[in-house]
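Readers should treat all values here as calculations from the given coordinates under stated rules, not as data from a laboratory. Everything numeric in this text was worked out from a predicted model, so none of it was measured. With ideal geometry, Cβ positions are generated from the backbone for all residues, glycine too; neighbour counts draw on all protein chains shown.
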Amino acid sequence: METCDVAIIGAGPAGVMAAWTAAREGARAVLLEREAHPGRKPCAEGILSEVLEDAEVSPSPEFAINHISGAVLYGPDEKKRVNVGGEGYILDKPALLNVLAERARDAGAMLEYGRTVENVVREDGHVLINGKDGSEPFSLGARIVIGCDGTGSILARQFFQRKRYQVIAAFQYAMTNCRLEDESKLEIFIGHNKAPAGYVWIFPKGNRTANVGIGVKGSGAKQLLDRFIQEHPAAFGEAAIERSQAAPVPVGGEVDDYVSENMMLCGDAAGQVIPLTGAGIHTSLVAGKLAGEEAGKAAKEGDTSLRRLSAYKDRFETLWGEKIRNSLKALESFERFSDDELNVITEYLDGQDLVEMAHGFSPSRAVSLLVKHPILAIKVAHQLLSS
Ligand SMILES: Cc1cc2nc3c(=O)[nH]c(=O)nc-3n(C[C@H](O)[C@H](O)[C@H](O)COP(=O)(O)OP(=O)(O)OC[C@H]3O[C@@H](n4cnc5c(N)ncnc54)[C@H](O)[C@@H]3O)c2cc1C
């Protein structure tokens, strides 16, 4: 039977990074991906520039296909636009994942596409991974397995409790022939009538193409997105839908336990997503990078204990734990505001306030809201601080 030091399930952002760093540490790393290529999962493909810095790649037209400078956020009545700063890109995400996977291969990792993991068994300080290679069964022995296999993670379902793991439905069209005011700006539309407990996004990919999608709690995502498109004929009157895709986004915050003996979870599988925005590329890349590094070292040291592997969790928590918790608080609070209140909030807060709210609120900055709408300001502060 084939054996390795570190087996990684899933070639999403977390998996391609974990395979790279584990191999870089000198471990024999194997990346198992059920699809023939990475990047089949739908994604709006928006990132801030620092994501590529953390991935340790330079932006290239091969995968960073549209440069973005800032976002425009619309309140429920769309009367006020809030400009939010930040430089970034819309990716060709499959192309980026392919570049990162090939980098892992160059570092010595084995890339096994078309392999679906069906179950994992822990025995005598090792794990045994069983699955199908096309229609043929395969088994792989490993000292450590890293589950980077997304929301439906096999490893998570078998070995981790994932209490409070919560997903929302996201639905997206890849559209052509759109007429957007400014293709260098993301557009975000909030409001419970448009997108209950979520938002609609327009992420321009250049040349009149865009990822247009919605994330909502509960059902009806497609109907709500269709209505939004119909109600915005200036942008979409001549547009065509090239492709539609749906997938869940975990927005309940990190799961409590995502490391155990011989095992780690990364990315969506562990709930490592910014809850208010649903952004998970950055967090997943970083989690994979740290997990692969620690797994590679631990495998070489011959110590695959929970204590040793927890170094990954400690490092991730230091970087992202508080941000994810604060953002979850902000999400839970915003769900409680009515559309009328959200109109007022977007009218009086500036872009920086909103960026801070996405990562946890800083009430001291919301001076204009406090002066003009003291009762609403108190409600904002109370909800954010007490949730
Ligand atoms: C519609 C939508 C839009 C989004 N937009 C953005 C955005 O603009 N910006 C952003 O930052 N985030 C966005 N996200 C979130 C982001 O896509 C995820 O957080 C991120 O991709 C998670 O990475 P991951 O590596 O944990 O898992 P995934 O990207 O889900 O990758 C998991 C991989 O594991 C493979 N796999 C699963 N099960 C098995 C198995 N049993 N055997 C073998 N392989 C398996 C899958 O095929 C897949 O390749 C969006 C999500 C959705 C659904």
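Diffusion of the range 131-181 by Stokes-Einstein, at 37 °C in a medium of 0.692 mPa s and with Rh set to the Kirkwood radius over alpha-carbon pairs, works out to 213 µm²/s. Highest average first, the peptides 288-296, 103-111, 223-231 ordered by how many other beta carbon atoms sit within 10 Å of their residues are 288-296, 103-111, 223-231. Of all lysines in the structure, those lying under 23 Å Cα to Cα from Lys132, and not within fewer than 8 positions of it along the same chain, are Lys41. Net charge of the neighbourhood of Val72, taken over other residues with C-beta under 9 Å away and scored Lys/Arg +1, Asp/Glu -1, is -1. A cut-off under 11 angstrom between Cβ atoms defines the neighbours of Lys194, and their net charge, with Lys, Arg +1 and Asp, Glu -1, is -3.
Note on Lys222: lysines with a C-alpha under 16 Å away, same-chain residues under 8 apart excluded, are Lys194. Residues in the range 159-173 carry Karplus couplings, in order, of 10, 10, 7, 6, 4, 6, 5, 9, 10, 10, 8, 10, 9, 9, 10 Hz; the curve used is 6.51 cos²θ - 1.76 cosθ + 1.60 with θ = phi - 60°, and Gly or Pro positions show x.
Looking at the range 128-230, the pairs of alpha carbons with a distance over 17 Å make up 66% of the total.
Applying the Karplus relation 6.51 cos²θ - 1.76 cosθ + 1.60 with θ = phi - 60° to the range 272-288 yields 3J(HN,Hα) values of 7, 9, 6, x, 5, 9, x, 7, x, 5, 4, 4, 5, 4, 5, 4, x Hz, where x marks Gly and Pro. Computed 3J(HN,Hα) for the range 297-309, one whole-Hz value per residue from the Karplus formula 6.51 cos²θ - 1.76 cosθ + 1.60 where θ = phi - 60°, is 5, 4, 5, 5, 6, x, 10, 10, 6, 4, 4, 5, 6, glycine and proline marked x.
Here the range 1-100 yields Rg over Rh of 1.12, to two decimals, using C-alpha coordinates and the Kirkwood radius. Kirkwood hydrodynamic radius of the chain, from the reciprocal of the average inverse Cα-Cα distance over all distinct pairs: 21.6 Å. Once the chain from Glu53 to Glu242 is taken as fully extended at 0.36 nm per residue, the excess over their C-alpha distance is 64.9 nm. Taking a straight line from the alpha carbon of Lys329, these lysines sit under 20 Å away, with near neighbours fewer than eight places off in the same chain left out: Lys163, Lys217, Lys379. How high is the relative contact order of the chain, in percent, counting Cα pairs under 8 Å that sit 6 or more residues apart? Here the relative contact order equals 21 percent. Here the label points at Glu78 and Ser60, each 7 Å from Cα along the C-beta direction, are separated by 4.0 nm in the simple model.
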